[in-house]
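Okay, structure first, notes after.
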């Protein structure tokens, strides 16, 4: 699962209280219910954490991890983020902790203000291509390498955009274009025209791959199942965990090819009541 980005622990707390604490009847857990479940006689402690007035104790933090099924990797990040927040409140140096935290955060989050970076499917693909030792930044070569799915003019504009947004930089020694971050992603669960257009572009490429690529180059399968919508949060978490683990196992900084993994999970029937993209 993608690490949840938060500035203060109260943000992390409120996010999980809102998104993950759902009882068997589908009702969201309140501070009162959560306090009772964790063995507190009143919600005052949780209320202070929710407002940012205090940080959790170690036992409380571990109880929250268990309650919200937080992964081991994210637990490490959160403990470190709390340590950073504690030292900030005391006016102590945190540079060494920030460096350690950044090593635990492999993904660079794209600001959705950079609309075109996200909207056009090929922009981030070109960024990945630039990580290859065989990358040729000539726009015509990029167009040909992308099976002529984009024009040289689009490739040139994408390179300019990646440089402007700092996702690509020129190596001072080799003078070659290189990515500034190995991995990039946008925020999940956020309605955005740019993200919708990116998904459409990637699904179009997938449809084309069915006809244009051999079975050795691609893999497609699908599953239709009866599903209870109250389990959606858990299903999304499982999918995000899978995508992260897949990238960890099969992603390569030295590979010269770029592949695309799309995972779709949506409703066939008309029982849902949300039009949220």
Assign one of three labels to region 116-170, namely rounded, prolate or oblate, based on the Cα gyration tensor with a ≥ b ≥ c the square roots of its eigenvalues; rounded applies when a/c is under 1.5, prolate when it is not and a/b is larger than b/c, and oblate otherwise. oblate
Descending semi-axes in Å of region 9-105, equivalent ellipsoid built from Cα gyration tensor: 26, 16, 10
proj_area_mean for region 138-179 (convex hull on C-alpha atoms), units nm², value 3.0
What length, rounded to one decimal in nm, is gained on full extension from residue 214 through to residue 228, with 0.36 nm per residue of separation minus their alpha-carbon distance? 1.4 nm
Given a cut-off of under 8 Å on Cα pairs at least six residues apart, what relative contact order in percent is computed for region 9-105? 23
Using bins 10 angstrom wide from zero, how does P(r) for region 133-271 break down, in % of all Cα pairs? 8, 29, 38, 18, 6, 1
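Each value in this text was obtained by applying a stated rule to the coordinates, not by laboratory testing. These figures come from a predicted structure and were not determined experimentally.
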